[in-house]
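The values are calculated or read from the model by the stated rules, or taken from the named source; none is laboratory data. A quick note: this is a predicted structure, and the numbers were derived from the prediction, not measured. Every residue, glycine among them, receives a Cβ derived from its backbone with ideal geometry; neighbour counts consider all protein chains shown.
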């Protein structure tokens with residue numbers, strides 16, 4: 001039975017086992033953490049039951065993944081590897097990764113993100129999750145300012161929130177690293193007031209965030225259209241490894 005993590009703003013359901021139906025119900029209101037879930041075979045089976053698997057990166061060199069699974073780990077003593085644009089892939093560095101949604105530069109970002117811890121190291125580095133809706137609910141004025149905001153990306157201006165067919169709530173996207181990366185070359189030039197709005201959003205996301213520690217074989221499942229995730233800085237010799245899979249929306 002689901003045990004909600006108490007005393008926190010963003011809901012995290014902690015399970016000993018779950019079906020895809022259980023997860024799809026719970027993920028409407030929070031993240032789902034399944035203890036002692038298994039290995040890659042179980043990861044791919046669960047992901048496939050939730051929708052169509054996607055190529056797990058944007059501009060990512062093909063040697064970094066096997067078509068569906070990307071291993072998140074520190075490479076090159078923390079300096080990481082570069083994408084096809086020559087920019088560092090933050091998840092391959094030891095840098096802190098601020099709260100973000102995955103697939104920021106895609107026309108349609110993945111609906112679900114699954115993260116399975118596969119190392120057996122003793123590190124207890126948390127993964128931080130945050131509900132975008134809860135962040136916006138804290139500051140009603142922020143919602144009005146940000147829902148029409150256009151942000152720079154690798155493919156030009158993109159909206160923070162978009163309504164999609166057969167989906168009653170908006171699809172959100174946010175990635176401060178990508179906004180900074182593309183702000184000088186994109187057609188979406190952020191005004192000073194837009195910077196203030198994004199800074200306010202970042203503060204609100206942090207205020208409602210929840211930190212969870214994935215133990216080896218644990219899996220974290222997120223609705224990427226509603227939920228951000230991130231991590232603190234890691235050591236340069238970190239052996240922490242997470243296998244990540246992206247799943248497309250059935251309505252996309």
### Task
From the list 33, 44, pick out the single residue that is within 21 Å of residue 129 (Cα to Cα) and modelled with pLDDT of 95 or more.
33
## Note on the structure
Going through (1) buried (at least 19 other Cβ atoms within 10 Å of the Cβ); (2) without any contact (Cβ under 8 Å) to a residue 12 or more places away in the chain one by one, residue 113 fails only at (2)
### Task
Would you confirm whether any residue within the range 206-213 is in a strand (DSSP E or B), at pLDDT 90 or above and within 26 Å of residue 59 (Cα to Cα)?
no
### Task
Show the residue pairs that are 6+ apart or on different chains and have beta-carbon atoms under 7 Å apart, the first residue being within the range 1-30 and within 22 Å of residue 208 (Cα to Cα), the second being at pLDDT below 75.
11/4; 12/5; 13/2; 13/4; 14/3; 14/5; 15/2; 26/2
